[in-house]
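Data block below; observations after.
Derivation of every value follows stated rules applied to the coordinates shown; laboratory data play no part. All figures in this text were calculated on a predicted structure; none of them were measured in a lab. Note that we place each Cβ from the backbone using ideal geometry, even for glycine, and neighbour counts take in every protein chain shown.
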Amino acid sequence: MSRVSIVDLQRMKAEKQKIVVMTAYDYTLARIVDRAGVDVILVGDSGGRYALGHDDSNEVTVDEMVIMARAAARGSERAMVVGDMPFMSYQVNDEQAVVNAGRFIQEAGVQAVKLEVGAEYASTVAAVVKAGIPVMAHMGSTPMANIGAGDFRSSSVDEDQVWRDARELVKAGSFSLLLTGISADLAQRITAEVHVPTIAGFGAGDHCDGQIGVTHPTIGLAAEELGRRRSNYGPVAVALLEAAEQFTQDVRAGKPVRSKRDAG
Ligand code: KIV
């Protein structure tokens, strides 16, 4: 089975076939979403919260991201795997950005990296691309651009700046734009202008070339789902809880709990 490539994503944009992106931070989840047929698996820094239990995505380190990305890359066969470069892994200078991006390719085995950037990081994107590493640029209102400022999904953006960012980041060589926290209308207009595939995140509407689902909140895998249902799919956390409760009850009741595989 051949892996989804940048050329495939470009073709999908041209043919108006929606690109599906989901997050995964480990081998098992990557295997499952890969089998579901997603085109791109993002090993997001949100894994710092959902998989590692950090309070904030900005606490996750390059070492932690590389471990999660390596596991997800091992679990996927078809999807392109994109590693999210965490806070302070590319902000200091372009050289450090290239070194850290290289770790995702060499140590984790992913096919591309994602950077949360605006036009001011065009030189960084260009440096990473020059090293031969494909970059997905995550722009609009992003978590890193809103540290200490509250929820990035509801913060306002300057439309002219978003246009400048989109044009500069495409010129710098980004193979895709992930758009979060901007209006559906703006995302639609950017999608029509740029030649690279756009992916819609929170708020960016239904007219981008693709859509990302952060898997834990999307399918209700986050533990918070047990207290208050919010997801439109699943919620998977409830099925997991019920299975674990059933196992616990059965063991305590002295029932046989061996699976068919164990029994065989
Ligand atoms: O890490 C992540 O899951 C992300 C999303 C907010 C798009 O970057």
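When restricted to residues that are in contact with a Lys or Arg (Cβ under 7 Å, 6 or more places away or on another chain), over 17 Å from Q10 (Cα atoms) and small (G, A, S), region 171-219 contains 2. Going through region 40-57 one residue at a time, which ones are crowded, with 16+ Cβ neighbours inside 10 Å and farther than 16 Å from V214 by Cβ? Across region 40-57, there are no qualifying residues.
Among the helices (runs of 4 or more DSSP H) lying completely within region 131-237, list those that include at least 1 residues that are in contact with a helix residue (DSSP H, G or I) (Cβ under 7 Å, 6 or more places away or on another chain) and within 13 Å of the ligand (Cβ to nearest atom). Quick ask: steps written out before the conclusion?
Details: elements: 159-171, 184-193, 215-218.
Of the helices (runs of 4 or more DSSP H) lying wholly inside region 131-237, those with at least 1 residues that are in contact with a helix residue (DSSP H, G or I) (Cβ under 7 Å, 6 or more places away or on another chain) and within 13 Å of the ligand (Cβ to nearest atom) span 215-218.
Scan region 204-215 and give yes if some residue there is without any contact (Cβ under 8 Å) to a residue 60 or more places away in the chain, more than 30 Å from D185 (Cα to Cα) and hydrophobic (A, V, I, L, M, F, W, C), otherwise no. Spell out how you get there, then give the answer.
If we filter region 204-215 for residues that are without any contact (Cβ under 8 Å) to a residue 60 or more places away in the chain, which is where we start, we get 205-208.
Filter once more, keeping what is more than 30 Å from D185 (Cα to Cα): none.
Within region 204-215 (the criterion being without any contact (Cβ under 8 Å) to a residue 60 or more places away in the chain, more than 30 Å from D185 (Cα to Cα) and hydrophobic (A, V, I, L, M, F, W, C)), the answer is no, since none of the residues qualifies.
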